[in-house]
Amino acid sequence: MNEQEFFNQKTRKVMKKIIILFVMTVTILTATGQKCNCLSNLKWLIETFEKNDAGFQYVIDKKDRNAYVSHNKVFLEKAKNIKDKTDCLKLLNDWTEFFRKGHLQVVFNQGNGLKDIGLQSKAKKPKLFEYAPVYDIDLKQFKNYVSHLKVKNGFEGIWYSAPYTVGIIKDKDNPGGSYVGFIIKSGNPAWSPRQIKLKIYKTEDGHYDMTYYMGNHTPVDIKNVELLGNNYLLAGFIILKRLEPELEPDKQLDLFYKSMSAKTPFIEKISGNTVLLRIPSFMFDQKKAIDSLLDANKDLITKTPNLIIDLRNNGGGSDQSYEKLIPFLYTNPIRVVGLEYLSTELNNQRMLNFINNPDFSEEDKKWAKESYEKLSKHLGEFVNLDDEIVSVITKDTIFPYPQNIGILINKNCGSTTEQFLLAAKQSKKVKLFGTTTTGALDISNLNMTVSPCGEYQLWYGLTKSFRIPGMAIDDIGIQPDFYFDRTIKPYEWIKKTLEILNYK
């Protein structure tokens, strides 16, 4: 999973011919007469979310409105005393956790969201981030210090995680086992040298946790930071490779690093009877690469007994990206449960945007127009834009090989990836290996709107799955058939899965 996918702007298709990666409405409210502070931003968040999020009432019905009222009272009081924009962003996101952790996020506003959908021709460093915290250090002196480090298995050094080169050093401002990571070089224009990219803290039980700042400077807390061998640092969906000091390599970690750092899919035969297929993302811009890879290796896959599909850290993307993968695992009809849209003026504006989109065909625009008219007649209600609640995928061919398919999953698999897993699990050939997934699927199809003062973006859900409450996924996740506990290290997962697939 990359930084963009962490706040996965996942879109479920409603019509097979509609291919949309980001479902969003760029709504910018004027700040006339608006007092811009954390309290006003929180009030805007509450009002906008209550009116437009497809999961709001569902959670209120489960948790009780009195609990929600109490929740708001606490946060409104806290907001009165917050002056810093970053602290306010944290408070806004803490408020959202009453509802769910996935498909719901407040982030700093960058170019009114246009950069997120590729409408800005030139990336410019947002002025908001020019004043992000920096670590007071001389980079030349730090590099000289690192060149003399001889201690193995330490966090200190120079590390790389595309597109960032990061220096990590013991934090002189927070002694007692803390480390700070700062930018040395960045391919992201929103980041400058010495700005703080991460912080590592020693916990009471002796482990390490991390606060990692995403590409838009949004902080994310990650549990259990660990060193793998001498040269790799793993923290949730983040993996860094040591550049300096140069320490002895560990060859057994090479395949793991190749998989976890891959930006595009690849396939590799790892034993006489097993093929490894790595898909780091289902984002729509990866669809062509996935399809081409599967087409080019169809004979290899269908003539090899075992297939391991590594989806770890795949945060989702577009359902269309996995369509060509389904035939390789298909054994019987696959049922796919549909969804319904919450109709509001803000939400329905999306359809008007589609109608005016020059990339849409006339047929697509006709669908958008009909959908808008249908939604507009039912404001405040949920609307099923499809003709059915459940669709069924059937195929004419069942391939003899692969006979056994193991899919690797972890806590960073969410959204479209979970939708794929729900389909894959229905195959008699498939077993899931690893740990429970994120749980971000019931409320989906992200929409975006900007706060009145233009400081923050709210990403929230437009749709609700017909699966709930009977089979809820949000904040629960999908469990593996074979659970890999903490004694099985992440770099051992492929080897362990291979052993299990080969059991007689």
Notebook entry, point to check: Considering every Cα-Cα pair within region 377-504, what fraction, in whole percent, is farther apart than 24 Å?
Noted result: 47
Next item on the list: With a ≥ b ≥ c taken as the square roots of the eigenvalues of the C-alpha gyration tensor of region 210-318, please select rounded if a/c is under 1.5 and otherwise prolate if a/b is larger than b/c or oblate if it is not?
Entry: oblate
Next item on the list: Arrange 148, 217, 103, 71 by Cβ neighbour counts within 10 Å, fewest through most, would you?
Entry: 148, 71, 217, 103
Item checked: CD proxy at 222 nm, helix term only [per DSSP H run n ≥ 4: -39500 (n - 2.57); per residue of the chain; nearest 500] -> -7500 deg cm²/dmol
Margin query: A 31 angstrom limit on the alpha carbon distance is what I want to check against. Which of 258/411; 85/258; 269/489 exceed it?
Written below: 85/258
Margin query: If you consider only alpha-carbon coordinates, what radius of gyration and Dmax does region 128-250 have, in Å?
Written below: 13.6, 41
Item checked: Whichever lysines have a C-alpha closer than 19 Å to that of residue 140, once near sequence neighbours (fewer than 8 apart) are set aside -> 150, 170, 172, 185, 197
Next item on the list: Straight distance only, please: which lysines reach the Cα of residue 395 with their own Cα at less than 22 Å, same-chain residues fewer than 8 apart left out?
Entry: 13, 16, 17, 287, 288, 298, 303, 324, 425, 428, 429, 431
Next item on the list: Kindly point out, ordered by number, any Cys in the chain whose beta-carbon has no other cysteine beta-carbon under 4.7 Å away.
Entry: 413
Check: Hey, fewest Cβ within 10 Å first, where do 250, 173 land in order?
Finding: 173, 250
Next item on the list: Arrange the following residues from fewest to most other Cβ atoms within 10 Å of their Cβ: 246, 323.
Entry: 246, 323
Checklist line | Ratio Rg/Rh [Cα only; Rh per Kirkwood] for region 302-400 | finding: 1.09
Next item on the list: Measure of size requested: the Rg and Dmax of region 150-192, with Cα atoms as the atom set and Å as the unit; please supply both.
Entry: 11.7, 33
Note to self: Let me make sure I get this right: for the chain, a, b and c are the square roots of the gyration tensor eigenvalues over alpha carbons, sorted descending. Under 1.5 in a/c it's rounded, otherwise prolate if a/b > b/c, else oblate. Which is it?
What the structure shows: oblate
Checklist line | Rel. contact order, % - alpha carbon contacts under 8 angstrom, at least six apart, the chain | finding: 20
Check: Over the alpha carbons of region 215-278, what is the largest minus smallest coordinate on each principal axis, giving the biggest first in Å?
Finding: 43, 30, 19
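Taken together, the values in this text are just the output of simple stated rules run on the coordinates, not laboratory data. Note that the coordinates shown come from a computational prediction; the quantities given were computed from them, not determined experimentally. We place every Cβ from the backbone using ideal geometry, glycine too, and count neighbours over all the protein chains shown.
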